[in-house]
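Heads up, the thing below is written out as structure tokens.
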Amino acid sequence: MSPNEELPVPSPNDVARKLVAPGMGILAADESEGTIAKRFAVIGLPVTFETRRDYREMLFRSTEAMRQYISGVILTEETLKQSAADGTPFVALFAETDVIPGIKVDRGAFAMPGTKGEKITEGLDGLRHRLEEYARLGAKFAKWRGVIAVSDYAPSRNGIRANAHVLARYAALCQEAGIVPVVEPEVLADGEPGDHSMQRCAEVTGETLATVFEELRLAGVDLGGMLLKPNMVTPGVRSAERPSDSEIAAATLNVLKAQVPASVPGIAFLSGGQSDAAATANLSAMNRMGPLPWALTFSYGRALQNAAMLLWGGDLANVPQAQVAFAHRAKMNSLAALGKWQPELDRAA
Ligand code: 13P
């Protein structure tokens, strides 16, 4: 190649496909300051710019895990601009391990007027301008989370419609900026009261996804250049129902097959308060039920980080152990994305 020839820039659709390449998945490390404070409270750690950096540096420097199992990381704006303790920008670390940087662009979910306990996600104002900046900083994909509550009163049709509408407007703006939108409508399993049945989750998830795809089409979003980040179909966390991994997998695939067009390249689930083991087992069960029209993988926050965070505990001396735990969880989920996870692999570890 001559020095003047530019390297080909991957198209957003290539980025979307790369994020869900076989055996690869996304690390969601975009906890807001409030959320990471809750997680650090468990290990008794103060939340500062430095502790957030040190914790995330521990994850991002898990070099082999990042290279082998993690295709992309969802960051906060702070982390996208942040550097490791030795001054290396985090985005430079990602380049070394071929990990794609992503950015959470919503500004959080707030009480929705006229509803009982429902929320609407904010952040559209000024988003076009922010996306230009994020693209300049190296972000290739983005995330926006809409929250759908389940109770005797929720969700209302208005709550589902409004959240689907803003997700579509966000996705259209991302594609205009050359950034792959990850569209995340989360039907909450761990909301209040959280005792709903798996059947109710299936109905609400189905209606939510139907509305989301209606709005995405209306907004002219290219479905081949986006990813969906949904919840799995499970009972609420305080329900007495205890479905098996195969039952959860079958119920989830039933809803997804009815609602998600085959032109969507991939579906990367959130973990939503499931145990680490359950999030892995359920994903693997789904992939065993293939062939499927889309790649199915993980975009987990808690279910990838729980064990590593506890072992780390804020102490530099614990970094190697914490990285082993993170690499193990990432590997288990990578196998699950291939439908090849076995419970013995976790027991052996
Ligand atoms: P959890 O996997 O912890 O649910 O987080 C994923 C996420 O990105 C939520 O927005």
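The values are calculated or read from the model by the stated rules, or taken from the named source; none is laboratory data. Small disclaimer: the values here were computed from a predicted structure and weren't measured. Using ideal geometry, Cβ is built from the backbone for each residue, glycine included, and neighbour counts are taken over all protein chains shown. In case anyone asks, the SASA skips ligands and DNA or RNA and just uses the protein heavy atoms, side chains included. Shrake-Rupley method; radii C 1.70, N 1.55, O 1.52, S 1.80 Å.
Computed quantities for the displayed model
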{"read-out": "Inter-centroid distance (Cα atoms) of region 133-196 relative to region 1-57, Å", "value": "18 Å"}
{"read-out": "DSSP loop GluC sites (Glu not before Pro) with at most 10 other Cβ within 10 Å excluded, longest remaining stretch of the chain", "value": "7-349"}
{"read-out": "Cα extents of region 183-258 along the three principal axes, largest first (Å)", "value": "42, 26, 16"}
{"read-out": "Distance histogram in 10 Å bins (all Cα pairs of region 200-349, percent per bin)", "value": "11, 37, 32, 15, 4, 0"}
{"read-out": "Approximate spin-label separation A135-E214, in nm, with each point projected 7 Å along Cα-to-Cβ", "value": "3.1 nm"}
{"read-out": "Whole-number percent relative contact order across region 52-132, with pairs defined as alpha carbons under 8 Å at least 6 apart", "value": "25 percent"}
{"read-out": "Positive minus negative residues near R161 (Lys, Arg vs Asp, Glu; Cβ under 12 Å)", "value": "-3"}
{"read-out": "Heavy-atom accessible surface of the chain: percent carbon and sulfur, 1.4 Å", "value": "53 percent"}
{"read-out": "Ratio of the Cα radius of gyration of the chain to 2.2 N^0.38 Å, where N counts its residues", "value": "0.94"}
{"read-out": "The chain - percent relative contact order, Cα under 8 Å, separation 6 or more", "value": "18 percent"}
{"read-out": "Per residue value of the accessible surface for the chain (all protein chains in place, 1.4 Å probe), Å²", "value": "43 Å²"}
{"read-out": "Theoretical ellipticity at 222 nm over the chain - DSSP helices of four or more residues, -39500 (n - 2.57) apiece, nearest 500", "value": "-14500 deg cm²/dmol"}
